[in-house]
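Take a look at the structure below.
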Amino acid sequence: MEPAQQSTADTSPRRPETPPPGMDEIEAAWAAGDFVFVRQGLKRQAEEMGTPFAQYRYGRVLLEGRGGPRDLAAAQLWLERAAAQNQVAASVLLARLYLSASSSAGGVARDPGRAAVLFRAAAARGNGEAQYYLGLLYGKGVGVAADPVAAFTWLQAAAETGHVAAQFELSRAFARGQGTEMNTQKASRWIQEAAAAGHGEAQFYLAYALDSGQGMRQNRAEALNWLLRSAEGGFLLSQVALGKKYLKGDGIAPNPGEALRWLGQGAQAGNLEAMLVLGLALLEGEVLAANPQQARPLLEEVAAAGAGQGQARASYALATMAEQGIGQSADLQQAVKLYRQATAQQQRQDGPAGQRLGQLAITGRLDGMMAPHRMVPWVAGLAQQTNENDATEAGHMAAVAWLRKQAEADLRPAQSALGQWLIAGDPAEAAQWLRRAAEAGETEAQHQLGRLYIQGSGVAQDYVSAHKWLNVAAAGGSSAALETRAVVADLMTPDQVATAQSAARRFFDAAAAGGASR
């Protein structure tokens, strides 16, 4: 597998009458950092002596760009020649080159199948690194057919040679029962082996297991020791976890300086959790000194990262800053924009941001900023939350009163929301409001009214009316109504279904004509 043309790199003049430098001279130059001499010497060794070790070393310096420009095509050529002579290190390095290549740029194309062949040859000769990579390939089905048992076998072989990353992967295989039976004791043994050898991720998960008591006996002091080792070794998740522990005093005395140090490192590395925790801590000023100016850019970066609970918390915090004028001039419009962003990121209208919007709505602070129908989901969520969580009667009544006022003004979403809220306490009144909204075309009201007819709650039980309203709601896009309609249809006679379908058609005809049908 050699390129059609040999690279023209390293065409420095040769003097055939001068023997190539010996490997001892080349090693001395390597130790001294004279990579130009190393490259030239290895070139002559590879070309004139043809020893697989020289070919491997020359391919390596070409790959790494030592003593001259990087030359992937020439590196591939010499590594292939060395691998053909069973040079194990060359086989492993070449296989890694085939795995990491992203395109044919430089004359090397990604070739996982060829990488697997090379790894297999080196693994069969006991090379731990090749065994490790071959185990990963079998586990992921890259370059070979996925085979969990083969993956486990090769990882175990590599782990037993002392390959640290393989020891960690083997512990995960035992913990998950991948390619072998689940064995917590063996998982514990191998993760401790990897952790003791300095594997940062193994140290992190070992610390977690010891801290939580999951998979091994709880020992929080030892857990902290491993977490410290992992963090000091540069493992990002450990740095963030350690910063949080120092911030909260979780298993250790609170230490603002250490919390700032570790969370700051995580934030600088781009970890969103570190940015969020540090930003909130700087905003709250409970452990760290309050500093809204430093908190804002951290929270803004998290909030801009997309959807998720952390992003919603950041947006909510920024909204609070804008509403209350913390570290900036108060700006209600900006606050509302950020509260709405938080509800979208959290993908729910009744979370903290939605509740705050509901509070702003019922106090009239959103009047003139948006139409009332856009406020309904927030007020409805506030009413539901206050009812479920035994909040003050005044807050509960204010939310319900706002919905009732809007419903009486013929705001369909408010009628639907009020009807849904009333179902548990006054199903008869709930049915009245749901019917008004349903007849006006509110899909969710149609769905809920159909359910009331099935249950006979607030109305007389009537499968025909239930089917009609569920049919209408399903046509409006309600998948839940579609499912419920199928259930109620099984309880009806064919004549009843036909009657319900006729009633639904009359509703659609009346709606198209601009009228209404009960």
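Read-outs throughout are calculated quantities, based only on the coordinates presented, and are distinct from any laboratory measurement. Since the model is a prediction, treat every value here as computed from it, not as a measurement. Neighbour counts are summed over all protein chains in view; Cβ atoms, including those assigned to glycine, are modelled from backbone coordinates with ideal geometry.
Where Lys and Arg each count +1 and Asp and Glu each count -1, what net charge lies around Pro377 among other residues with Cβ under 10 Å from its Cβ?
Working: positive: Arg348, Arg374; negative: Asp350.
With Lys, Arg at +1 and Asp, Glu at -1, the net is +1.
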Rounded to the angstrom and largest first, Cα extents along the principal axes for the chain equal 106, 64, 50
So what is the relative contact order of the chain, in percent, for Cα pairs below 8 Å that sit 6 or more residues apart? 4
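Taking the mean number of other Cβ atoms within 10 Å as a proxy for protection, how do you rank 234-241, 454-461, 325-332, 52-59 from highest to lowest?
Numbers: 234-241: 21.2, 454-461: 15.1, 325-332: 13.2, 52-59: 24.2.
Answer by packing, highest mean first, reads 52-59, 234-241, 454-461, 325-332.
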What number comes out for the charge environment of Glu442, summing +1 per Lys or Arg and -1 per Asp or Glu over other residues with Cβ under 12 Å away? 0
Starting from a Cα-only point model with no solvent, please compute log10 I(q)/I(0) by Debye for the range 123-239 at q = 0.09, 0.13, 0.17, 0.21 1/Å. -0.24, -0.49, -0.79, -1.06
Order the peptides 19-32, 438-451, 405-418, 207-220 from the highest to the lowest mean number of other Cβ atoms within 10 Å of their residues. 438-451, 405-418, 207-220, 19-32
Hand me the GluC sites (Glu not before Pro) from the range 260-312 located in a DSSP loop with no more than 14 other Cβ atoms within 10 Å, in residue order please. Glu286
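If Lys and Arg each add +1 and Asp and Glu each add -1, what is the summed charge of the other residues whose beta carbon sits under 13 Å from the beta carbon of Asn183?
Working: positive: Arg172, Arg176, Lys186, Arg189; negative: Glu181.
Around Asn183, the charge tally is +3.
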Please arrange Asp509, Asp426 by counting, for each residue, the other beta carbons lying within 10 Å of its beta carbon, fewest first. Asp509, Asp426
Residues in the range 307-343 near a label at Met370, defined as backbone nitrogen under 12 Å from the 7 Å Cα→Cβ point? 333-343
Between the alpha carbon centres of the range 264-320 and the range 126-160 the gap in Å comes to 41
